[in-house]
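K.L.:
Here it is, the structure in full.
The values are calculated or read from the model by the stated rules, or taken from the named source; none is laboratory data. Given the structure is predicted, the values throughout are model-derived calculations rather than measurements. FYI the Cβ positions are ideal-geometry reconstructions off the backbone, even for glycines, and counts take in every protein chain you see.
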Amino acid sequence: MNRSYFLIISIFSILTGSSILGIAQNQIHFSGNIANCPDSNFKIGKVDKPNDASEWQKVKIKNGSFSVVINTKEPTVLRCFFKDKEFDFYAMPGDSLILTSDYNKLLATTRFEGKGKETSQFYTVWKQNFNASHKTDFENRRTVTPQRYLELRKNLLDLEMAFLNDYVVKYGLKESPFFNYYVTDFKFSFYAALCSYITNHNNIEKEGIKPEYFPLLKLLDEIDYNDPNFVETEAYRWFFMGYINRLKYRLLIYEKVLPESAKDSAFWFTRCYILSKKILNEKAHESYVMTSFFEFLTPLTVNSLAPYYGQFIQSCSQENRLILGDAFKKYKKLSESHEISSDSQIKKTDGGLKEILDDFKGSLLYVDFWASWCAPCIGEMPASKELQKKFKDKDVKFLFISVDQDEDSWKKAISVYEIPGIHYRLGKANRSDLLDKLTSNGVPHYLIVGRDGNIIAQDAKRPSDPNLVSELEMLLKN
């Protein structure tokens, strides 16, 4: 290299205040080409830092090509999120990765080159090998006995661990952060599957857990959550959410305490916060509580959760303190009084669901069952607004039917989130067998009703599903 090259590098370093080496050590360079990609951009973010929305970057795609730099000081799993597809890959600071893929067969064709290609390629190779096995596992969760399910799921875990061991030996990755990450991820995916299986087969809220499921529960209760070898992964966090939030609900059953306040987010946050502190080590507790805050935190709960925020930030990391502080400020501002927009029609009814649907015969209906305390419901509202704009001058009516018990919370949510459409609230007095059947798996739930008043789709696509628009347009033509 000649002297002028080094002169240019030196000037650049002085102007930016950084060394080239420093940039490489704290960055992941990611570029490539995705053939046949219909999207003009995609989002990329850290799977192990899901609560910080500012970390998710929008990446432009031009003729299939893209380039992005991700700042990070630690190894991380990154998720590329397209409109209807996604994939993950593991990367470390200093990696420089080049992707080639075909959007039509994204996982099958994804190939990485450059520094870090071996660890980045693992996810897609693993997915291709085990996708069918995991689909079978989901089916098994519905159909097989507890003893048989435990046997089958242990076998799947053993196969995944053997696959991981072969991979790390092949590429010299044994005892690396990459290896430790996926060991934890596979183990906690196994634990989360058992947790899901138990909750799917037990009406915990009304009956507790049946004796035949105790061996699975005992296994989960005896995990050493303080094991220093566990690292934070997506499966690790979400297992704790399911285990503490759902299975530990049985403590209320055993104590014969089922207060009405159990439906309130602050009540559940309090209960789960205390359980987490008892069960988990400091690091795991912090990770769990951060996830819980963003599960429960809304403009409607911000004031009731504030005392726990004040307690939590005394001991949490500075990074999490800043993230939470920004979230509380935002939700505090949103929680201030709002007027209900004229685009939101508040309706009262003395009847049940059937009577409401009968009132709209002659129009195509898209029905959204939701609640003010339901984070996934609220998460779909921006997409719902866009959907309503697309069908503004067409004969589709958008009904929002809330299962909120509290009328004030319901109305406040409509105003705070500015939800257009026709709104009903069906409290205890108006509940029916039909409503209970439709929302038996909880909310959100969506329904499409034809002009004749008959249900066309009992489990309709969510507003964010890109295929919903074409489905509604086709129904309008019929």
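K.L.:
Which residues, taken from the range 23-45, are in contact with a helix residue (DSSP H, G or I) (Cβ under 6 Å, 6 or more places away or on another chain) and within 19 Å of Asp95 (Cβ to Cβ)?
P.N.:
Matches in the range 23-45: Ile34, Gly45.
K.L.:
Those residues that are surrounded by fewer than 20 Cβ atoms within 10 Å (Cβ to Cβ), more than 15 Å from Leu357 (Cβ to Cβ) and modelled with pLDDT of 85 or more, I need them from the range 386-406; list them, please.
P.N.:
Glu386, Gln388, Lys389, Lys390, Phe391, Lys392, Asp393, Lys394, Asp395
K.L.:
For Gly310, indicate whether it is out of contact with any Pro (no Cβ under 9 Å at 6 or more places or on another chain), surrounded by fewer than 18 Cβ atoms within 10 Å (Cβ to Cβ), among the small types (Gly, Ala, Ser) and under 17 Å from His285 (Cβ atoms).
P.N.:
So Gly310 fits the description; yes.
K.L.:
Show the residue pairs meeting these rules: Cβ distance below 6 Å; 6+ apart or different chains; first residue within the range 165-191 and within 28 Å of Gly242 (Cα to Cα); second residue polar (S, T, N, Q) and at pLDDT 95 or above.
P.N.:
These pairs meet every condition: Phe178/Thr119.
K.L.:
Something else: Whether any residue in the range 149-161 is over 26 Å from Leu280 (Cβ atoms), free of Cβ contacts under 8 Å to residues at least 24 places away in the same chain and not in a helix (DSSP H, G or I) is what I want to check.
P.N.:
no
K.L.:
Let me ask something else. Can you tell me which residues in the range 334-373 are assigned to a helix (DSSP H, G or I) and over 30 Å from the mean Cα position of the chain (by Cα)?
P.N.:
Those that are assigned to a helix (DSSP H, G or I) and over 30 Å from the mean Cα position of the chain (by Cα): Lys354, Glu355, Ile356, Leu357, Asp358.
K.L.:
Just to be sure before I move on: is Glu118 at pLDDT 95 or above and in a helix (DSSP H, G or I) in the structure I sent?
P.N.:
Against the criterion (at pLDDT 95 or above and in a helix (DSSP H, G or I)), Glu118 qualifies.
K.L.:
Quick check on my filter: what residues within the range 446-464 are touching a residue at least 60 places away in the same chain (Cβ under 8 Å), part of a loop (DSSP other than H, G, I, E, B) and either surrounded by fewer than 12 Cβ atoms within 10 Å (Cβ to Cβ) or not hydroxyl-bearing (Ser, Thr, Tyr) (or both)?
P.N.:
Gly450, Arg451, Asp452, Gly453, Ala460, Arg462, Pro463, listed by residue number.
K.L.:
Only one of (1) closer than 26 Å to Glu355 by Cβ; (2) at pLDDT 85 or above; (3) of a type in the set (Gly, Ala, Ser) fails for Ala383. Which number is that?
P.N.:
Among (1) closer than 26 Å to Glu355 by Cβ; (2) at pLDDT 85 or above; (3) of a type in the set (Gly, Ala, Ser), the lone unmet condition for Ala383 is (1).
K.L.:
When Gly352 is evaluated against the numbered criteria (1) outside the structural domain of Leu426 (by TED's automatic domain parsing); (2) surrounded by 12 or more Cβ atoms within 10 Å (Cβ to Cβ); (3) in contact (Cβ under 8 Å) with a residue 12 or more places away in the chain, which criterion, by number, is the only one it fails?
P.N.:
Checking Gly352 against (1) outside the structural domain of Leu426 (by TED's automatic domain parsing); (2) surrounded by 12 or more Cβ atoms within 10 Å (Cβ to Cβ); (3) in contact (Cβ under 8 Å) with a residue 12 or more places away in the chain, the one that fails is (1).
K.L.:
Would you tally the residues in the range 382-409 being without any contact (Cβ under 8 Å) to a residue 60 or more places away in the chain and either under 25 Å from Leu476 (Cα atoms) or acidic (Asp, Glu) (or both)?
P.N.:
Qualifying residue count for the region: 15.
K.L.:
Quick one: how many residues across the range 100-132 are surrounded by fewer than 15 Cβ atoms within 10 Å (Cβ to Cβ) and of a type in the set (Gly, Ala, Ser)?
P.N.:
The qualifying residues number 2.
K.L.:
Turning to a different aspect of this structure: Please go through the range 78-99 and pick out each residue that is in contact (Cβ under 8 Å) with a residue 40 or more places away in the chain and buried (at least 19 other Cβ atoms within 10 Å of the Cβ).
P.N.:
Answer for the range 78-99, where residues must be in contact (Cβ under 8 Å) with a residue 40 or more places away in the chain and buried (at least 19 other Cβ atoms within 10 Å of the Cβ): Leu78, Tyr90, Ala91, Asp95, Leu97, Leu99.
K.L.:
Among the listed residues Ser432, Ser440, Ser464, which satisfies the condition of being at pLDDT 85 or above and assigned by TED's automatic domain parsing to the domain that holds Ser402?
P.N.:
Ser464
K.L.:
Follow-up. Which residue is farthest from Thr109 (Cα to Cα), if the candidates are limited to the range 132-145 and must be in contact (Cβ under 8 Å) with a residue 24 or more places away in the chain and not basic (Lys, Arg)?
P.N.:
Applying the filter and picking the extreme gives Thr145.
K.L.:
Let me ask something else. Does the range 157-179 contain any residue that is under 20 Å from Pro215 (Cα atoms) and of a type in the set (A, V, I, L, M, F, W, C)?
P.N.:
Checking the range 157-179: at least one residue is under 20 Å from Pro215 (Cα atoms) and of a type in the set (A, V, I, L, M, F, W, C).
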